[in-house]
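So the structure is just underneath, and the comments pick up after that.
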Amino acid sequence: MFSKNGFTLIEVMIVIALMTIVGAIVAPLSIDYQQRNDLDIAQTTFVQCIRRAQQMSMAGEADSAWGLAVNTGNIIIFKGVSFLTRDTSLDENYDISSSITFSGQSEYSFAKTTGLPSTTGSVTLTNSNYQKSVSLNEKGIVNY
């Protein structure tokens, strides 16, 4: 009499087929989730950087105005009224996903003590399937 030890070839093939089907369904969903998550994180980081630069200007930190500049893959908070004339030793770098592109205003600076922005405008953050907007008005209020 034979004893049955293990799985038959058909049972193994059925399990592999089911795993393939589940993987084919889950993979696009996880990629979509990652893209939305990257965009949410970039938007939140951008808004926090705007608020931090504004607060540093209002507090008169380092007795100067502060601002931020957006580059591909990072946001830089800088000391000074412009990115080109900034004090690079005090730069704060915040990394974001390189799949995110920014369009619109790429540099904001805030007046010392008042925290009012020197420029207003909006930025659109985009990845392959989604986009979000952040705007800064003349009173320094961020809308997103």
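The values are calculated or read from the model by the stated rules, or taken from the named source; none is laboratory data. All values reported here derive from a predicted model rather than from experimental measurement. No Cβ is skipped: glycine too gets one built from the backbone with ideal geometry, and neighbour counts run over all protein chains shown.
Tabulated results
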read-out: Pair list, Cβ < 6 Å and 6+ apart or interchain, from the range 2-27 residues that are at pLDDT 90 or above to residues that are loosely packed, with under 10 Cβ neighbours inside 10 Å and part of a helix (DSSP H, G or I); value: none
read-out: Any hit, the range 65-79, residues being in contact with a helix residue (DSSP H, G or I) (Cβ under 7 Å, 6 or more places away or on another chain) and surrounded by fewer than 18 Cβ atoms within 10 Å (Cβ to Cβ); value: no
read-out: Residue that is nearest to the chain's Cα centre (by Cα), among those in the range 95-106 that are part of a strand (DSSP E or B) and surrounded by fewer than 16 Cβ atoms within 10 Å (Cβ to Cβ); value: 95
read-out: Among the residues listed as 57, 109, the single one being of a type in the set (S, T, N, Q), buried (at least 17 other Cβ atoms within 10 Å of the Cβ) and in a strand (DSSP E or B); value: 109
read-out: Top-ranked residue in the range 35-77 [being in contact (Cβ under 8 Å) with a residue 24 or more places away in the chain and among the β-branched types (Val, Ile, Thr); ranked as nearest to residue 144 (Cα to Cα)]; value: 47
read-out: Residues being without any contact (Cβ under 8 Å) to a residue 60 or more places away in the chain, more than 15 Å from residue 40 (Cβ to Cβ) and not basic (Lys, Arg) - total across the range 125-144; value: 5
read-out: Those residues of the range 86-144 which are polar (S, T, N, Q) and within 13 Å of residue 65 (Cβ to Cβ), in sequence order; value: 109, 113, 114, 118, 119
read-out: All positions within the range 117-137 that are crowded, with 18+ Cβ neighbours inside 10 Å and either small (Gly, Ala, Ser) or more than 18 Å from the chain's Cα centre (by Cα) (or both); value: 117
